[in-house]
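Readers should treat all values here as calculations from the given coordinates under stated rules, not as data from a laboratory. Keep in mind that this is a model prediction, so the values were computed, not measured. Positions of Cβ are generated from backbone atoms using ideal geometry, with glycine treated the same way; all protein chains shown enter the neighbour counts.
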Amino acid sequence: MSITEQYLLDVHRARQHGEPEPPAPGLNDRRALRELREERRFRAVLAGRPARGRLRLALSRRLRPAGRRRPALLHGRRLHRPRPGGC
């Protein structure tokens, strides 16, 4: 049975019993994903881990060659290094 068929069956049953119809499938998917993402970020902060960029950082560690060093980063930006001669 597909999602649409299940939804139509649930709507039919709700109408027979005089209950409110269930929401259409996919109606609140974005909101649910946003809430899940916010919950994960919140738990990361409570655990003392960075709240953003953890997956990208982990993948970059796995994918870069072992002998190559990554430039120093500060919040996703390169650290400013003064040029020789003071300019």
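Spin-label model, Arg56/Met1: points 7 Å from Cα along the beta carbon direction are separated by 4.3 nm. Put a dot 7 Å past the Cα of Arg49, heading toward its Cβ, do the same for Leu8, and the two dots end up 4.4 nm apart.
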